[in-house]
1. Have a look at B:217, B:260, B:183 and tell me which one the Gaussian network model of chain B (Cα, springs below 10 Å) gives the largest fluctuation.
2. Counting other C-beta atoms within 10 Å, which of A:2, B:152, A:281, A:162 has the fewest, and how do the rest follow?
3. Give the relative contact order (percent, whole number) for chain A; include only Cα pairs under 8 Å separated by 6+ residues.
4. Quick one: of the DSSP bridges fully inside region A:273-515, what percent are antiparallel, nearest 5?
5. What do you get for the angle between helix A:395-408 and the principal long axis of chain A? Use alpha-carbon atoms, 0 to 90 degrees, nearest ten.
6. Between residue B:26 and residue A:396, what's the calculated FRET efficiency when r is the beta-carbon distance and R0 is 35 Å? Round to 0.05.
7. Distance between the C-alpha centers of region B:130-158 and region A:169-233? Whole Å please.
8. What's the FRET efficiency of residue B:182 with residue B:130 using the Cβ-Cβ distance as r and R₀ = 41 Å, to the nearest 0.05?
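Laboratory data are not the source of any read-out in this text; all were calculated from the coordinates shown. What you see is a predicted model, and the numbers here were worked out from it, not measured in a lab. Because the Cβ atoms are built from the backbone with ideal geometry, glycine has one as well, and the counts that use them run over all protein chains shown.
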C-alpha cells in the first residue's frame, strides 16, 4: 500500500508555563492510501494538536519543535505558508467536531462549497455549480438542489456535517483529517456519518486520519489505531490487535473503562415508589404573531412512570427527545402544563412558590456541565451548605455533614476550603453529587451527568454512583443519550422519542429483546455494537464458568 | 489578575497619572494654602516668567497652578460620587429587570429608555438650571443622565448568568429569589461593571467640565471647566489660561480610559485584544 502521509518523530512544543513541555513528543505514523487511521486519546492527550500541526493551524504560542511529516514527497511542516495554503483543501482536507461553528452562518450551503473551488481558482461558475451539486448528492444530502440554497441553521446537525464533508471532498484530497466529526451528533446520525466516511474511503481511496475519544467508533471504522497518552503514542497497530490484545496498560485501562454494554445483574427492588409521574405534559410555544400561529413543540407528551425506592431508572433518548425537559420538570425547574409529579405523596407540580421552596430538598439534580454547575466565586463549603442552611439546619451541623460527604465522594474534607477552579471536571462532578446528597433527597436526577467526561473519568464517576446506590439506597433518574452508559448503572431503562415514552423495561429486556422499532434503531446505531456484543458474550461466558 | 493588569503598559501609565492627580488634589491645601480664589499678582502673567507662579496668573491675577490643583478636587469628587450614585440607581434596576423578567423587565426598560431618548447633556443642563448650581446638584444631574447604560449592562449580564447551572442548583437548594440574585448572580457580573464604572468616571469629569464651561458650575468651587470657560474671552491673548486646565482634563480622562481598558483586559483575558493565548 502506497503511504500517503508519513510522520516521523513529530514533537510539538507548548508555551512555557503549560502543564507539560510538549503537547506531542516523538510521534511517528504512516497512513496508506485508502486506510483509516484512528488517533485515540482522552482530552489533553495531544491528538488534535497533531492534526492542527499538519494543517498549520496551531494556536499562537504552540510550535512544531521537531520531526517531519512527509506528504507527497515534501515535508509539510517545513513548507512556507503560501505553499501550505495550496496544499490545504486541495490535497489535505479537514472536518471538525462542531459543524455549526465550522460553517459560515450567513452563506448558503452551495456557495460555501463552491467557494472552495474559487479559493483555489478552479473552474468557471457553471462548472463549479455542477460539481457542487454532484458533491451534495454524493454525501447523501436529501433534495440537493434545495439544500444548496439553504443556510446552515436550516440544516440538522448531521446534514451540516455532511455539508462539511462535501466541502472537504471538493478538490478530491488524498488525505482527510477528521477531528471528532461525530462527537456532537446523536448515535443514529453518528452511525450514518461513519457509514458515509467508510463509503467515501472505498470509492475514492483516500487516506483518513480519524481523531476520536470513543473506542466504539474505533471498533466501527479503524484499520489502524494509535493510542495517545499525554502527548506520547503509547501503542499502535492494527485495529484488531489493539482492541483485542492491548499491550500497553493505558490502552487496557481505556478499554476497560468503556461502557461495553455488559449487563449488570438484575437486583430485586422494593416496590414502594419514590417518584410517580402521571400524564405529564409540557409544550413550548415559540414565535407567532398577530397573523401567524405560534410553533408548538411537545417536549413532554403524556408521560407516566414510577421509580421505586433504591432504583436507578435510565432515561434514554436523542437530542430533542424531551428527556432533559422531563428531568427539569421532575425537579420543577420547569413547571409542567398538565400532570402530576408525586414525590412521597406530594405533588411538586402543584405547589406554590413558597411551599415549593420548603420541599426543594426532596429531589435534587446533578448537572451535565461540571464547569457551569458550580459558582466560581464560592468556596466548595458554601456550595454544599447553602441548601441545608436555607432548609433550617444549623450551620455547624451542615458543615460537618458537607465535609463527611466530600469524604464519601472521594475528595477528602480539605476540598471544602477551595474554589471550583482548583478542581478537574471529574472532581467537580463529584462535588455536584455531594451537593445533591447534602440535601438528603429522596431522588436524584442526573442529567447527562457523565457525558462531558473522558471515558476513564466517566467510569470512576459511574463507580461512585453505583457505590452510593449500594451504600445509601439512592434512587436515581439517570438521563443520558448513551445506551452503553445507561446499561452500566440502571435497573430499568425508559426510551424517549419526541416527547413520548416509547418503551420501558428492565435493562436485559431492552437490550436483548427490544420491542419498539426506535429502540432497535438506537441499539443498532451504538458504535462498536458488534464488538461490544462479542465482549458481552465473552464476559457472560467467563461469568458462567465456576 | 493584578499581574495581568500590571503587565499592561498603558494601564500602569494610567494608574501613575491618576495617582499623581489624586496626590495633588489631596495636598491642595498644603501646596496652595491661600486657596484658588486669592489674587496673588498682576493679571496676565505669562507662565515661567515669575518665580513662584510657574503657570502664570489669570484675568484677575489669581494663580493658575492653584486653580488647577484645587480644581482637581472638584473634578475627581464629582466624577467619583456621580458614578457611585449612577451605579446605585442602575445596578438594582438592571438586576431586577434582568432577573425577574416579565413586567418588571418591561417597566424598568421603558423607564430606562425614557431617559436614554433625551440627549444627556441637554438633560444635565436643564436639571442643573432647575436645581440651582451647587456641587450636590451637579453631581446628582450627572448621575441621573449616566445611569441608563449601567442598567442595560447589568440587565444583560444578569440574564446571561441566571441561565447558568449553578443558579438552577441554588434554586434547587431552596434559596429565596432575592438571595439567589444577590448571592449567586450579581457577584458574577461585577467585572464588566467595574470596567464600565472606571470609564464613567472619565465621562462624568468631562460632563462636569462642560457644565462649568457654560457657566453652570458651582460658583463657590474652582473647577477645570470653569477655568476654561472664564478664559475663553481672552483665548487669543492669554492661551495658557485655557491650555493648562485643558491638558489636566485630557490627562485625567486619558488615564481613566487606560485604566478601564486595562481592567477590561485583565478581567476578561479571553477577550484580550493582544491575543496572547
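1. B:183
2. Numbers: A:2 9, B:152 20, A:281 16, A:162 26.
Going from sparsest to densest Cβ surroundings: A:2, A:281, B:152, A:162.
3. Working: 1038 pairs, mean separation 83.5, N = 546.
Taking the mean separation of contacting Cα pairs over the length of chain A, I get 15 percent.
4. Numbers: 23 of 40 bridges.
Roughly 60 percent of the beta bridges in region A:273-515 run antiparallel, per DSSP.
5. 50
6. 0.15
7. Between the Cα centre of region B:130-158 and that of region A:169-233, the gap is 58 Å.
8. Details: r = 35 Å, r/R0 = 0.85.
Computed FRET efficiency for residue B:182 and residue B:130 comes out at 0.70.
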